[in-house]
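First up is the structure itself, then whatever we jot down about it.
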Amino acid sequence: MAADYAYVGLFLLVGILFVVFTIEVLSRLLRPSRPNPEKLSTYECGERPIGGSWIQFHVRYYLYALVYIVFAVETVFLFPWAVAFHRLGFFAFIEMMIFIAILLVGLAYAWKKGALEWV
Amino acid sequence: MELGLFIVLALVAMASAIAVIIQRNPVYSALYLILTFLSLAGLYLQLQAQFIAAIQVIVYAGAIMVLFLFVIMLLDLRKEEQRAVKGGYQLLIGLLLAAILLGELGLVFGGGVLKGVPGEFSPEKVSALGNTQVVGRLLFTDFLLPFELTSVILLVAIVGAIVLAKRRLD
C-alpha cells in the first residue's frame, strides 16, 4: 500500500521537476532573447488589453461554483456508498435515493430561480 | 523515512499556512492555501486515511478553492493589497491569543483529555477491508442520520446562496 503511494509521490516530484526544468532551465538556454515592447505586452486573445485585470467579477460565477461544490460533495458520498454497496443491500439504496432527492430539490430550486441561466 | 516525510509535509503545511496570512495579494493567499491543503492530504495518507486524503484534494483543493477564488474576485480587494499591517496593540493581542491557543492545545493533547474508545474496526481490519469500504459501511449504518442531515445542510447552502445572490442580480 505504502509503495503505491511512493509511486504517486515519485510521479508528482518528477512532474514538478519536468516543468521547472524545461521552463526555467532548458528554455532559458535554448531560446534567443530579443524582447521589444510589443512582445512584452500582456497577451489577451490577440487583442490590446482594456483596463486592469482587477475587475469585480459577476456574482453568477459564485453561484455556479456553489452549485458545483454541492454536487462534488454528493459525489464524495456516492463513492463510499458504491464501494460498500454489496455489503449494505437494499436499505442503503433507499438511503442514497433520499439523499439525492433532497439535493435535487436544491437543483430544482436553482433552476426555477434562473440561477443556471447566463443572461 | 516515515518520520522524514512527516517533517517535510508538516513544514510545507506550516510554511504555506503562514504565507496565506502574510501575503498581501488575496489571490496568492488562496494559492498558498491550496498548497496547505495538499500537504494536509499527504499527512492524512500517512495516517492511513486514504479516503479523507482523496476528499481533501477533490473537495478542498478543488471545489472549495474555486469558490474562494470567485469570492475574492467578487469582492474586488484591490485596496486590501496596499494596506499596511498595523503593529502595536493588534500584534500584542494576536500573540497573546496565539499563546493561549498553544496552551490549550498542549493541555488537550498532552494532558490525555482526548482518549478515543476502540471501536469495532481495528487498524488491521481497516487496512484489510480498505479505508473507503469501512467508511461506507459505517456511514450508511451507524451514522445514517448525520449523513442524511448533510443533504439538508447542502440544500440550505444552495437556497441561501441563491436568495442572497438573486437580490444582487435583480
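What are the residues of region A:75-119 that lose 50 Å² or more of accessible area, with a 1.4 Å probe, going from their chain alone to all protein chains?
In region A:75-119, residues shielded by partner chains: A:Val76, A:Phe77, A:Pro80, A:Arg87, A:Leu88, A:Glu95, A:Phe99, A:Ile102, A:Tyr109.
Between A:Leu40, A:Leu104, A:Leu12, where does the largest GNM mean-square fluctuation fall for chain A, given springs only between Cα atoms within less than 10 Å?
With Cα springs under 10 Å in chain A, the top fluctuation among A:Leu40, A:Leu104, A:Leu12 is at A:Leu12.
When all C-alpha to C-alpha distances in region A:18-63 are sorted into bins of 5 Å, what percent of pairs does each bin hold, rounded to whole numbers?
Bin by bin from 0 Å, the calculated values are 4, 14, 12, 14, 16, 15, 12, 8, 4, 0.
Could you pull out the longest piece of chain B with no exposed loop trypsin sites (Lys or Arg not before Pro) in it, calling a site exposed if DSSP puts it outside H, G, I, E, B and it has at most 10 other Cβ atoms within 10 Å?
Longest gap between qualifying sites, sites excluded: B:1-82.
Using θ = phi - 60° and the Karplus curve 6.51 cos²θ - 1.76 cosθ + 1.60, what whole-Hz ³J(HN,Hα) does each residue of region A:37-44 get, with Gly and Pro shown as x?
Whole-Hz 3J(HN,Hα) from phi for region A:37-44: x, 4, 5, 7, 6, 5, 8, 9.
Across region B:14-24, in residue order, what do the Karplus-derived ³J(HN,Hα) couplings come to in whole Hz, using 6.51 cos²θ - 1.76 cosθ + 1.60 with θ = phi - 60° and x for Gly and Pro?
Result, rounded to whole Hz: 5, 4, 6, 5, 5, 4, 4, 8, 7, 4, 7.
So, in nm, how far is label A:Glu38 from label A:Ala101 when the simple model puts each one 7 Å beyond its Cα toward the Cβ?
So the two model labels end up 6.6 nm from each other.
Roughly what would the spin-label model give for A:Phe85 and B:Leu144, points 7 Å off Cα along C-beta, in nm?
Calculated label separation equals 1.9 nm.
With everything on Cα atoms, drop me the angle between helix A:90-112 and the longest principal axis of chain A, reported from 0 to 90° to the nearest 10.
So the inclination is approximately 60 degrees.
Once A and B are treated as a pair rather than alone, how much accessible area drops out, both sides summed, in Å² to 100, probe 1.4 Å?
4300 Å²
Leaving out ligands and nucleic acids, and using a 1.4 Å probe, what accessible area per residue does region B:121-170 come to in Å²?
Working: 2820 Å² over 50 residues.
Result: 56 Å² of accessible area for each residue.
When you have a sec, figure out the Kirkwood radius of the protein assembly as shown from all distinct Cα pair distances and drop it here in Å to one decimal?
Radius from the Kirkwood sum: 23.4 Å.
Would you mind telling me which residue in A:Phe85, A:Phe99, A:Phe21 has the biggest mean-square fluctuation in a Gaussian network model of chain A, where springs connect alpha carbons within a distance under 10 angstrom?
Residue with maximal mean-square fluctuation among A:Phe85, A:Phe99, A:Phe21: A:Phe21.
If Rh is defined by the Kirkwood formula over all Cα pairs and Rg also comes from Cα, what ratio Rg/Rh do you get for chain A?
My calculation puts Rg/Rh at 1.18.
Tell me whether chain B comes out rounded, prolate or oblate; compute the Cα gyration tensor, take square roots of the eigenvalues as a ≥ b ≥ c, and use a/c under 1.5 as the rounded threshold.
Verdict is oblate for chain B.
Which whole-number percent gives the relative contact order of chain B, counting Cα pairs below 8 Å spaced six or more residues apart?
17 percent
Given an 8 Å cut-off on Cα distances and at least 6 residues of separation, report the relative contact order of region B:1-82 as a percent.
Once normalised by length, the contact order is 30 percent.
The values are calculated or read from the model by the stated rules, or taken from the named source; none is laboratory data. The model shown is predicted, which means the values in this text are computed figures rather than measured ones. All Cβ positions, even for glycine, are placed from backbone atoms using ideal geometry, and neighbour counts span all protein chains on display. Ligands, DNA and RNA are excluded from the accessible area calculation, which covers all protein heavy atoms including side chains. Shrake-Rupley method; radii C 1.70, N 1.55, O 1.52, S 1.80 Å.
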